[in-house]
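Asker: Quick one: the structure is below, and I'll ask about it shortly.
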């Protein structure tokens with residue numbers, strides 16, 4: 001076990017029993033067991049200091065738990081506090097299941113409000129600079145340049161997840177119908193349209209794909225759409241590094257990642273007048289609420305433009 005080791009008072013023994021239950025019966029991952037054990041150990045340490053003695057289960061009440069959360073709030077983020085509270089709730093749910101407590105003080109605690117981060121995205125001009133970056137790089141083999149353009153166009157133009165991108169097969173592409181068959185989360189298949197730029201990129205890449213094979217053996221993955229210089233299917237980390245490189249070269253954004261291109265796709269479609277339901281279907285979101293995050297993103301962008309343009313917002317006078 002990692003983290004703070006509880007003393008062998010009543011609370012400490014219950015925490016150890018709960019950790020064993022998670023590992024042996026619930027078969028939780030080692031990381032989860034360690035995290036819950038550590039969080040509960042920190043709670044036990046706080047209570048012992050607060051009460052200046054050993055702690056039994058009957059000592060713990062809602063007020064003490066609130067005091068602990070208040071102490072955490074001084075140095076921890078809302079998401080960190082929420083995770084620790086989840087550990088306490090799971091602990092007390094197990095105590096209730098075993099009949100070890102008569103009341104559950106954790107059930108009376110409200111979860112901290114976690115502010116969701118807005119998606120990172122590129123402006124239209126910055127996106128265009130990233131898209132054009134592969135063709136402007138000297139010294140790269142042409143098939144690799146053509147492949148890189150396809151990668152960026154599918155991430156941005158079609159809004160694919162990076163895992164969906166690397167899983168694409170040659171047979172997934174239907175240029176005649178201008179669409180691509182994608183296997184998304186939960187092994188759900190969807191049809192995604194291909195824009196004009198993506199079709200142009202594929203038309204140039206596909207005839208040259210055969211050149212991407214192992215230089216000595218000639219080996220090549222026969223099914224994968226996107227290949228490395230040794231003929232193997234590309235991996236997620238490789239694509240992430242490629243996007244970072246072109247983000248830095250094209251728009252000065254070394255922090256750019258594939259999901260930011262997907263977010264940019266949704267944002268620019270929304271700003272261009274696309275229907276929210278159509279964007280949801282294209283991106284493969286199971287819930288419209290996920291897609292609706294982009295409406296907030298666009299409104300935030302609109303308000304920034306307003307603040308920059310409004311004479312009073314700039315400190316001007318009527």
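The values are calculated or read from the model by the stated rules, or taken from the named source; none is laboratory data. Keep in mind that what you see is a predicted model, and the values were worked out from it rather than measured. Every residue, glycine as well, gets a Cβ built from its backbone with ideal geometry; the counts of neighbours run over all protein chains shown.
A quick yes/no check of all residues on (1) crowded, with 20+ Cβ neighbours inside 10 Å; (2) within 22 Å of residue 100 (Cα to Cα); (3) assigned by TED's automatic domain parsing to the domain that holds residue 102:
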| residue | (1), (2), (3) |
| --- | --- |
| 19 | yes, yes, yes |
| 48 | no, yes, yes |
| 51 | no, yes, yes |
| 71 | no, no, yes |
| 79 | no, no, yes |
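Asker: Hey, another quick one. Only residues that are in a helix (DSSP H, G or I) and within 11 Å of residue 18 (Cβ to Cβ): list them for segment 70-100, please.
Answerer: We begin by selecting, within segment 70-100, every residue in a helix (DSSP H, G or I); these are 70-73, 78-98.
Correct list: 87, 88, 90, 91, 92, 93, 94, 95, 97, 98.
Asker: Being assigned to a helix (DSSP H, G or I), touching a strand residue (DSSP E or B) at 6+ places or on another chain (Cβ under 9 Å) and without any contact (Cβ under 8 Å) to a residue 60 or more places away in the chain is the filter here, so list the residues in segment 203-228 that pass it.
Answerer: To start, the set of residues in segment 203-228 that are assigned to a helix (DSSP H, G or I) comprises 203-211.
Still in the running and touching a strand residue (DSSP E or B) at 6+ places or on another chain (Cβ under 9 Å): 206, 209.
Correct list: 206 only.
Asker: Further, regarding this structure: Could you check segment 142-167 and list, in sequence order, the residues that are over 17 Å from residue 250 (Cβ atoms) and touching a helix residue (DSSP H, G or I) at 6+ places or on another chain (Cβ under 8 Å)? Even if it seems obvious, please write down each step before you answer.
Answerer: Here is the first cut: in segment 142-167, the residues over 17 Å from residue 250 (Cβ atoms) are 142-143, 158-167.
Within segment 142-167, 142, 143, 158, 159, 160, 161, 162, 163, 165, 166 meet the criteria.
Asker: How about segment 210-249: which of its residues are on the phi > 0 side of the Ramachandran plot and either loosely packed, with under 13 Cβ neighbours inside 10 Å or within 28 Å of the chain's Cα centre (by Cα) (or both)?
Answerer: 218
Asker: Considering only segment 250-266, I want to know if a residue exists there that is more than 22 Å from residue 163 (Cβ to Cβ), crowded, with 18+ Cβ neighbours inside 10 Å and more than 20 Å from the chain's Cα centre (by Cα).
Answerer: Checking segment 250-266: at least one residue is more than 22 Å from residue 163 (Cβ to Cβ), crowded, with 18+ Cβ neighbours inside 10 Å and more than 20 Å from the chain's Cα centre (by Cα).
Asker: Would you tally the residues in segment 130-163 being without any contact (Cβ under 8 Å) to a residue 60 or more places away in the chain and under 23 Å from the mean Cα position of the chain (by Cα)?
Answerer: The total comes to 2.
Asker: Please verify whether segment 231-244 includes one or more residues that are over 17 Å from residue 167 (Cβ atoms) and assigned to a helix (DSSP H, G or I).
Answerer: There is at least one residue in segment 231-244 that is over 17 Å from residue 167 (Cβ atoms) and assigned to a helix (DSSP H, G or I).
Asker: Any chance segment 104-125 includes a residue that's assigned to a helix (DSSP H, G or I) and under 21 Å from residue 263 (Cβ atoms)?
Answerer: Applying the first criterion (assigned to a helix (DSSP H, G or I)) to segment 104-125 yields 105-108, 124-125.
Now restrict to residues that are under 21 Å from residue 263 (Cβ atoms): 124-125.
Yes: one or more hits.
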